Amino acid sequence: MNNSKKIVVFSGSGISKESGIDTFRDAGGLWEQYDVMDFADIEGWYKNPELMMDFYNYCRTRLKDIEPNEAHRILAELEKNFDVTIITQNVDNLHEKAGSTQIIHLHGELTKVRSSDNPGMIWDIGYDEIRMGEKAPDGSQIRPHVVWFGEDVPMIQTAIDVVKTADIFVIIGTSLNVYPAAGLIECVKKKVPIYLIDPDDVNCSDKRVIKIKAKATDGMRILKNMLCEK
Ligand code: OAD
């Protein structure tokens, strides 16, 4: 094993499924009278900010009691032997709770809020609720720190730069449907192996992809054995 080897992981909502969080496209539950896509679009904020606040308050409060699963934990453990950076599309904090130390959140974080006017004015609020009328230091309405459809993805260049340094690239629990995030695979250097963990068929035509058709926990156990044998 070689701790100078760089593993870059690209995770999506499937990695958190075994912790009890629905995948993005399966999400519903209490909110099933709504289309979850309405909560992922800036138009939802313009149309009904109270409803958006309620939805994200609900998700944030619920997150408090949700624990990482073995897939998150194995990724954290791999730091003992590899230089691991995780690029996640998830707004949950389960990679952090599991102990991973290098995490890039492409689509924001539930436990943070930001100014409506200034995307760079972001701060931690833990699991607290936020309300209409609460102001950011710049006087604007505070809002969830979530990147919605129709908005720029400020962390994408940082993610691209990290992907270019990968010796091993791992994709886990994402349908690869959402760009620019899904385009990161095109930035992986030639000859770098790409592992893809998902229980379903994910449409990915890259010839380098080694598919591990399994749930996140089983898939990470298999991958750990493959990586640690080398
Ligand atoms: P999706 O719901 O599109 O995809 C979830 C993936 O997880 C699918 O490929 C499932 O087969 C897989 N999956 C299901 N159960 C699993 C398990 N136990 N272990 C591993 N994988 C499993 O969610 P994402 O790809 O994460 O963005 O969605 C990406 C982005 O789309 C989200 O971040 C969100 C959304 O629009 C924004 O809100 C900006």
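Residues in the stretch 113-163 that are under 21 Å from residue 185 (Cα atoms) and part of a strand (DSSP E or B): 1 in all. Of the residues in the stretch 1-21, how many are under 17 Å from the mean Cα position of the chain (by Cα) and either near the ligand (Cβ under 8 Å from one of its atoms) or at pLDDT 95 or above (or both)? Qualifying residue count, the stretch 1-21: 13. Annotation: of all residues in the stretch 129-161 being exposed (fewer than 13 other Cβ atoms within 10 Å of the Cβ) and in contact with a helix residue (DSSP H, G or I) (Cβ under 8 Å, 6 or more places away or on another chain), the one that is nearest to residue 90 (Cα to Cα) is 149.
Within the stretch 70-84, the set of residues being surrounded by 20 or more Cβ atoms within 10 Å (Cβ to Cβ) and part of a strand (DSSP E or B) comprises 84 only. Find the residue count for the stretch 47-88, including only residues that are at pLDDT below 95 and of a type in the set (Ser, Thr, Tyr). The total comes to 1. If you go through the stretch 93-110 and keep only what is touching a residue at least 40 places away in the same chain (Cβ under 8 Å), crowded, with 20+ Cβ neighbours inside 10 Å and under 26 Å from residue 140 (Cβ atoms), you end up with 105, 106, 107, 110.
Residue pairs whose Cβ atoms lie under 8 Å apart, sitting 6 or more positions apart in sequence or on different chains, and linking a residue in the stretch 125-154 that is closer than 22 Å to residue 35 by Cα to a partner that is in a loop (DSSP other than H, G, I, E, B) and away from the ligand (no atom under 16 Å from the Cβ), are 143/116; 143/130; 144/130.
Select from the stretch 171-185 the residues that are assigned to a helix (DSSP H, G or I) and either free of Cβ contacts under 8 Å to residues at least 40 places away in the same chain or surrounded by fewer than 18 Cβ atoms within 10 Å (Cβ to Cβ) (or both) and write down the one among them that is nearest to the ligand (Cβ to nearest atom).
Just the residues of the stretch 171-185 that are assigned to a helix (DSSP H, G or I), to begin with: 181-185.
Imposing the further condition that a residue be either free of Cβ contacts under 8 Å to residues at least 40 places away in the same chain or surrounded by fewer than 18 Cβ atoms within 10 Å (Cβ to Cβ) (or both) reduces the set to 182-183.
On the way: 182: 8, 183: 13 Å.
Ranking the candidates gives 182 first.
A search for C-beta distances below 6 Å between a residue of the stretch 46-59 that is assigned to a helix (DSSP H, G or I) and any residue that is modelled with pLDDT of 95 or more and surrounded by fewer than 17 Cβ atoms within 10 Å (Cβ to Cβ), counting only pairs 6+ apart in sequence or on different chains, returns 50/132; 57/129. Here are some conditions: (1) within 15 Å of the ligand (Cβ to nearest atom); (2) under 24 Å from residue 23 (Cα atoms); (3) out of contact with any Phe, Trp or Tyr (no Cβ under 6 Å at 6 or more places or on another chain); (4) in a strand (DSSP E or B). Residue 87 meets all but one. Which one does it not meet? The number of the failed condition is (3). Residue 205 fulfils the conditions (1) within 19 Å of the chain's Cα centre (by Cα); (2) polar (S, T, N, Q); (3) in a loop (DSSP other than H, G, I, E, B) except for a single criterion, (1). Residues of the stretch 36-86 that are within 29 Å of residue 102 (Cβ to Cβ) and among the aromatic types (Phe, Trp, Tyr): 39, 56, 82. Residues of the stretch 178-224 that are hydroxyl-bearing (Ser, Thr, Tyr) and at pLDDT below 95: 179, 205.
Only residues that are more than 14 Å from the ligand (Cβ to nearest atom), under 28 Å from residue 75 (Cβ atoms), of a type outside the set (Val, Ile, Thr) and out of contact with any helix residue (DSSP H, G or I) (no Cβ under 6 Å at 6 or more places or on another chain) were counted across the stretch 97-118, and they come to 4. Scoring residue 203 on the criteria (1) surrounded by 18 or more Cβ atoms within 10 Å (Cβ to Cβ); (2) within 16 Å of the ligand (Cβ to nearest atom) leaves a single failure, condition (1).
The values are calculated or read from the model by the stated rules, or taken from the named source; none is laboratory data. These figures come from a predicted structure and were not determined experimentally. All Cβ positions, glycine included, derive from the backbone under ideal geometry; neighbour counts span all protein chains shown.
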